[in-house]
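Undergrad: One structure follows; several queries about it will come next.
The values are calculated or read from the model by the stated rules, or taken from the named source; none is laboratory data. This one's a predicted model, so the numbers in the text were calculated from it and none came from an experiment. Neighbour counts are summed over all protein chains in view; Cβ atoms, including those assigned to glycine, are modelled from backbone coordinates with ideal geometry. Just so you know, the surface numbers come from the protein's heavy atoms only, side chains and all, with ligands and any DNA or RNA stripped out. Shrake-Rupley method; radii C 1.70, N 1.55, O 1.52, S 1.80 Å.
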There are 2 protein chains.
Amino acid sequence: MTRAPQKRRLETRARLLDVAATIVREQGYSGLRVEEVVARAGVAKGTLFSHFGDKDGLLAVLIGADVMRLLDEMESRDAPADADELAARLAPHMDYVAQDRVIFDLLLRYSGATTTPPDEVVTASFLRQVALLSDWIRPLQAAGKIRRDQPPELLAEGIQAFANHVLGLWFCREHDTVPPPAQALAPYLQAWLQPAP
Amino acid sequence: MTRAPQKRRLETRARLLDVAATIVREQGYSGLRVEEVVARAGVAKGTLFSHFGDKDGLLAVLIGADVMRLLDEMESRDAPADADELAARLAPHMDYVAQDRVIFDLLLRYSGATTTPPDEVVTASFLRQVALLSDWIRPLQAAGKIRRDQPPELLAEGIQAFANHVLGLWFCREHDTVPPPAQALAPYLQAWLQPAP
DNA sequence: TCCTTTTATTGACCATGGTCACTTTAATAG
DNA sequence: CTATTAAAGTGACCATGGTCAATAAAAGGA
């Protein structure tokens with residue numbers, strides 16, 4: 001069986017994450033270079049890869065943590081009272097992802113998470129997102145504010161699908177002449193959640 | 001103003017595309033290497049980039065052509081009679097994209113196409129896909145087979161969103177233990193297109 | 001303490017996409 | 001036919017992520 005990692009290893013890992021987070025703060029996710037991380041952390045390149053597998057692995061930890069933080073905030077607020085409020089609650093997450101294509105790509109690559117074992121932050125964050133959305137959806141269904149003919153989980157996944165759709169469009173256009181994703185999402189959710197009249 | 005390209009250039013371009021297509025046939029899209037293309041086409045690396053901008057540019061031409069061929073077939077068949085048939089009509093496209101992550105990524109990157117000028121094959125193929133879906137949707141709405149409360153174009157985009165969602169999940173799992181995308185799509189379309197009872 | 005085994009780290013090396021100042025080839029003017 | 005200009009093509013070079021046999025450091029046992 002595999003032993004617990006030594007102190008040194010944990011320190012190295014922490015240092016790598018710390019440096020990487022700083023660089024992201026300075027230059028954004030698309031400005032992150034593996035070479036710069038290891039240089040500033042004072043370790044060899046191979047060390048980073050032994051810790052995170054590949055660059056995506058490092059990004060996953062950083063971005064996963066960001067998403068978790070966003071989810072904390074979402075959970076701390078009161079549940080939305082209708083579909084429009086639900087859409088509004090998603091705005092911070094949409095804005096976060098819309099900020100950098102690297103984030104979008106990374107999250108998309110890992111988004112099969114709904115079933116895979118949650119050994120990873122991104123995977124865990126997806127499970128949490130579905131759970132949270134479902135928790136919002138159930139009372140809305142009970143109150144007849146949104147459709148009741150589909151299970152909350154399917155509606156939740158649908159919301160994710162539309163969110164990704166809108167974000168995908170966002171990254172294909174000039175960002176100046178087009179509404180931000182959080183706003184563009186509204187009509188889709190409207191149509192998706194609308195109760196049968 | 002820019003002149004028409006000379007014969008030589010057209011020949012070079014054709015040769016590059018031909019070689020690239022052959023390699024894709026032999027090794028799939030993920031096996032395509034720029035170096036191999038230029039080597040087998042007998043040109044320098046820079047030439048390829050001067051023709052297609054970057055590797056994605058080359059992929060876009062190849063994949064765009066594939067998609068156009070699929071659309072030709074879809075158009076040649078009679079229109080679907082209900083939501084389930086509509087889902088079935090999408091199967092070839094889903095299978096095509098599901099075959100290789102490179103295809104999925106490329107199409108996603110260009111999928112903002114609905115508004116951009118169709119100077120590119122992929123862009124054009126997206127416009128065509130939306131148009132085709134809308135053409136399928138309108139009669140179904142008129143016949144009361146699917147919901148009538150949303151414009152065909154929005155329903156069409158929604159279908160694309162769900163298709164991408166399902167494909168995204170597909171590439172996150174072991175492909176052996178999970179239903180193929182074409183099949184996984186059904187419940188979403190069902191819920192999305194279902195007429196108000 | 002000294003030897004052995006496991007864990008952690010190293011850095012030269014590789015793969016691959018992409019750039020660009022320069023050369024070659026074709027078209028066009030005089 | 002030659003000179004001039006524009007288009008086409010070239011390949012050395014770069015950026016960046018990733019590999020892996022070799023080495024150093026720690027842990028464990030005698």
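Undergrad: So, with +1 on the Cβ of K and R and -1 on the Cβ of D and E, and no other charges, what is the size of the charge dipole of the stretch A:109-192 about its Cα centre, to the nearest 20 debye?
TA: That gives a dipole near 280 debye.
Undergrad: Now for a separate question. Charges only on Cβ, +1 for Lys and Arg, -1 for Asp and Glu: so what's the dipole of the stretch A:1-147 about the Cα centre, in debye to the nearest 20? Display every interim value, and only then the final one.
TA: Working: 20 positive and 21 negative charges, 130 e Å.
The calculated dipole for the stretch A:1-147 is roughly 620 debye.
Undergrad: Give me the accessible area per residue for chain B, probe 1.4 Å, as a whole number in Å².
TA: About 48 Å² of surface per residue is accessible.
Undergrad: Would you jot down the residues in the stretch A:180-194 that end up with at least 50 Å² less accessible area in the complete protein assembly than in the chain alone, with a 1.4 Å probe?
TA: A:TYR188, A:ALA191, A:TRP192
Undergrad: Suppose each label sits 7 Å from its Cα in the direction of the beta carbon; what would the B:GLU120-A:ALA44 distance come out to in nanometres?
TA: Spacing of the two 7 Å Cα→Cβ label points: 4.1 nm.
Undergrad: Which whole-number percent is the relative contact order of chain A (Cα, under 8 Å, 6+ apart)?
TA: Numbers: 172 pairs, mean separation 40.2, N = 197.
Across chain A, relative contact order equals 20 percent.
Undergrad: Within the accessible area of the protein assembly as shown, what % is carbon and sulfur when the probe is 1.4 Å and the other protein chains stay in place?
TA: Values: 10230 of 19070 Å².
C and S atoms contribute 54 percent here.
Undergrad: Separate question: At 7 angstrom along the Cα-to-beta-carbon line, where would the label on A:GLU11 sit relative to the other copies? Give the distances in nm, shortest first.
TA: Values, ascending and in nm: 6.7.
Undergrad: Calculate the all-directions average of the projected area of the stretch B:135-197's alpha-carbon convex hull, and give it in nm².
TA: 4.5
Undergrad: The stretch A:156-179: which residues show an accessible-area loss of 50 Å² or more, assembly versus chain alone, 1.4 Å probe?
TA: Relative to the lone chain, where solvent access is computed with a 1.4 Å probe, the stretch A:156-179 loses at least 50 Å² at A:GLU157, A:ALA161, A:PHE162, A:HIS165, A:CYS172, A:ARG173.
Undergrad: Still on this structure, I have one more. If I model a spin label as a point 7 Å beyond the Cα along the Cα-Cβ vector, how far apart are those points for A:ASP149 and A:ARG8 in nm?
TA: 6.5
Undergrad: Expressed in whole Å with the largest first, what are the equivalent ellipsoid semi-axes of chain B derived from the C-alpha gyration tensor as the square root of 5 times each eigenvalue?
TA: Rounded to whole Å, the semi-axes are 36, 20, 13.
Undergrad: Given Cα pairs under 8 Å that are at least 6 residues apart, what percent is the relative contact order of the stretch B:39-127? Show your work: numbers first, answer last.
TA: Values: 49 pairs, mean separation 28.5, N = 89.
Rounded, it is 32 percent for the stretch B:39-127.
Undergrad: What does the extension gain come out to for A:GLN99 and A:ARG15, with contour length at 0.36 nm per residue minus their alpha carbon separation? Walk me through the numbers on the way to the answer.
TA: Numbers: separation 84, 0.36 × 84 = 30.24 nm, distance 2.54 nm.
That works out to 27.7 nm of additional length.
Undergrad: Hey, another quick one. How big is the B/A interface in buried accessible area, both sides summed, 1.4 Å probe, to the nearest 100 Å²?
TA: Summing both chains' loss of accessible area gives about 2500 Å².
Undergrad: How would B:ARG25, B:ARG128, A:ARG33 line up by accessible area, probe 1.4 Å, largest first?
TA: Most to least solvent-accessible, the answer reads B:ARG25, A:ARG33, B:ARG128.
Undergrad: Nm distances between the label at B:ARG138 and the same-position labels in the remaining copies, 7 Å along Cα→Cβ, shortest first?
TA: 4.5
Undergrad: First select every other residue whose beta carbon is under 15 angstrom from the beta carbon of A:TRP170; then total the charges, Lys and Arg +1, Asp and Glu -1.
TA: -3
Undergrad: Report, for A:ALA196, each distance to the same residue's label point in the other copies, shortest first and in nm; define the point 7 Å along Cα→Cβ.
TA: Sorted ascending, the copy-to-copy spacings read 1.2 nm.
Undergrad: Hey, another quick one. Excluding same-chain residues fewer than 8 positions from B:LYS145, which aspartates and glutamates have a Cα within less than 13 Å of its Cα?
TA: Candidates past the 8-residue exclusion: B:ASP82, B:ASP84, B:GLU85.
Undergrad: Can you pull the one-decimal nm distance between simple spin-label points at B:SER134 and B:ASP56, each 7 Å off the Cα toward Cβ?
TA: 2.6
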